[in-house]
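Right, one structure below, let's go through it.
The values are calculated or read from the model by the stated rules, or taken from the named source; none is laboratory data. Fair warning: this is a prediction, and the values are worked out from it, not measured in the lab. Neighbour counts are summed over all protein chains in view; Cβ atoms, including those assigned to glycine, are modelled from backbone coordinates with ideal geometry. Side chains are part of the model used for accessible areas, which takes the heavy atoms of the whole protein and leaves out ligands, DNA and RNA. Shrake-Rupley method; radii C 1.70, N 1.55, O 1.52, S 1.80 Å.
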Amino acid sequence: MSDDRTISVYDDRAADYAECFTGRGDEGEEADYLAFTARLPEDGTVLDLGCGPGHWAARFRDAGYRVAALDASPEMAEAARAAYGVEVTVAGFEALDAEAVFDGIWACFSLLHVPRAELAIHLSAAHRALTAGGTLCLAMKLGESEGRDELGRFYAYYSEEELRGKLETAGFTVLGSRRGEDKGLAGTAQKFVVLTAHA
């Protein structure tokens with residue numbers, strides 16, 4: 001179930017959040033993108049799961065992929081439409097009920113807003129939604145437990161080992177990982193991991 005307080009923060013700060021990515025060129029993010037797209041067919045179908053302001057969805061589209069975008073924040077969806085012409089389905093992660101539709105699912109710092117007790121459900125849904133051998137990119141913040149940040153957003157934190165285990169339980173094979181540290185909307189530096197896996 002979507003967390004109303006988290007959605008409200010993103011609705012209120014949609015423009016600020018979008019600004020975080022303007023003109024940004026990060027070598028690590030580029031490596032994640034290349035690792036993900038290298039496994040996609042030329043005209044593959046990608047789901048940007050929790051697309052935020054739409055910058056990744058737009059990049060996939062501009063690279064020739066067929067793109068679907070989903071986000072629970074109406075204001076983020078509007079920001080994606082206004083800035084990139086990306087049409088976003090406004091819904092929570094529970095709306096993902098497709099079967100063998102997507103060649104890739106890009107879940108970039110989105111599923112970290114799901115309670116720990118529910119992550120397995122959403123990873124299984126992502127696995128079902130992917131075609132055989134389809135690729136998942138999962139970016140999450142490292143840590144333990146769960147709770148709200150200073151802006152009121154709900155987060156669940158994991159170790160890389162725990163995430164690998166959850167992906168394998170859901171039927172994925174982990175292909176690689178990258179760790180890093182970055183400042184998000186709240187302005188505090190946090191460690192993260194990006195895992196690439198296939199169904």
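A few comments on the model shown:
- Scanning the stretch 20-41 for residues being farther than 10 Å from G104 by Cβ, at pLDDT 65 or above and more than 16 Å from the chain's Cα centre (by Cα) gives a total of 3.
Results for (1) open to solvent by less than 80 Å² (accessible area, probe 1.4 Å); (2) at pLDDT 95 or above; (3) of a type in the set (D, E), shown as yes or no for each residue.
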{"position": "A18", "(1), (2), (3)": "yes, no, no"}
{"position": "D43", "(1), (2), (3)": "no, no, yes"}
{"position": "G50", "(1), (2), (3)": "yes, yes, no"}
{"position": "H55", "(1), (2), (3)": "yes, no, no"}
{"position": "Y65", "(1), (2), (3)": "yes, yes, no"}
{"position": "V88", "(1), (2), (3)": "yes, yes, no"}
{"position": "D97", "(1), (2), (3)": "no, yes, yes"}
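- Strands (runs of 3 or more DSSP E) fully within the stretch 104-199 that include at least 2 residues being within 22 Å of Y33 (Cβ to Cβ) and in contact (Cβ under 8 Å) with a residue 60 or more places away in the chain: 130-141, 173-183, 189-198.
- Those residues of the stretch 99-124 which are more than 13 Å from K141 (Cα to Cα), among the hydrophobic types (A, V, I, L, M, F, W, C) and surrounded by 20 or more Cβ atoms within 10 Å (Cβ to Cβ), in sequence order: F102, I105, W106, L119, L123
- For the condition part of a helix (DSSP H, G or I), at negative phi and either free of Cβ contacts under 8 Å to residues at least 24 places away in the same chain or among the hydroxyl-bearing types (S, T, Y) (or both), A82 qualifies.
- Hits in the stretch 145-159 - residues which are within 27 Å of P53 (Cβ to Cβ) and open to solvent by less than 60 Å² (accessible area, probe 1.4 Å): G147, D149, L151, G152, R153, F154, Y155, A156, Y157, Y158
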